[in-house]
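Asker: Questions regarding the structure given below will be posed in turn.
The values are calculated or read from the model by the stated rules, or taken from the named source; none is laboratory data. Predicted model only: the values in this text are computed from it and were never measured. With ideal geometry, Cβ positions are generated from the backbone for all residues, glycine too; neighbour counts draw on all protein chains shown.
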Amino acid sequence: MLTFEQLLRKEEFQKGIEKGVEKGVEKGVVRGQRELLLDLLSERFGSLPAAVTQRVAQASLQDLKRWGRRILTAASVDDVLASS
């Protein structure tokens, strides 16, 4: 039979694993969004400058989603990556 302290440690360990899995899933989603955005940008606008690739690589998930929506109507890469 486990002691109260052992149960607490077991719960804390389980919570740590769950947080780690969540972070891993989130990183995977962001990575996939980045790859998709770069693929779509290069398909639509051709070869991408290194600065664009670097900006996408550092973007937040919110930026990636916003930029992904802009691809549909943008006339240039700059239009996609505009600030507002």
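Asker: Return the total of residues in region 34-83 being hydroxyl-bearing (S, T, Y) and either over 30 Å from K23 (Cβ atoms) or under 12 Å from the mean Cα position of the chain (by Cα) (or both).
Answerer: Counting residues in region 34-83 that are hydroxyl-bearing (S, T, Y) and either over 30 Å from K23 (Cβ atoms) or under 12 Å from the mean Cα position of the chain (by Cα) (or both) gives 4.
Asker: At pLDDT 90 or above, in a helix (DSSP H, G or I), small (G, A, S) and out of contact with any Ser or Thr (no Cβ under 7 Å at 6 or more places or on another chain): is that true of A59 in this structure?
Answerer: Spelling it out, it is not the case that A59 is at pLDDT 90 or above, in a helix (DSSP H, G or I), small (G, A, S) and out of contact with any Ser or Thr (no Cβ under 7 Å at 6 or more places or on another chain).
Asker: Considering each of G32, G28, G24 in turn, give the residue that is assigned to a helix (DSSP H, G or I), small (G, A, S) and over 30 Å from A74 (Cβ atoms).
Answerer: Within the list G32, G28, G24, the selection yields G24.
Asker: Is there a residue being part of a helix (DSSP H, G or I) and small (G, A, S) anywhere in region 8-16?
Answerer: Yes, the conditions are met somewhere in region 8-16.
Asker: So which residues in region 1-46 are at pLDDT 95 or above and not charged (D, E, K, R)?
Answerer: G32, Q33, L36, L37, L38, L40, L41, S42, F45, G46
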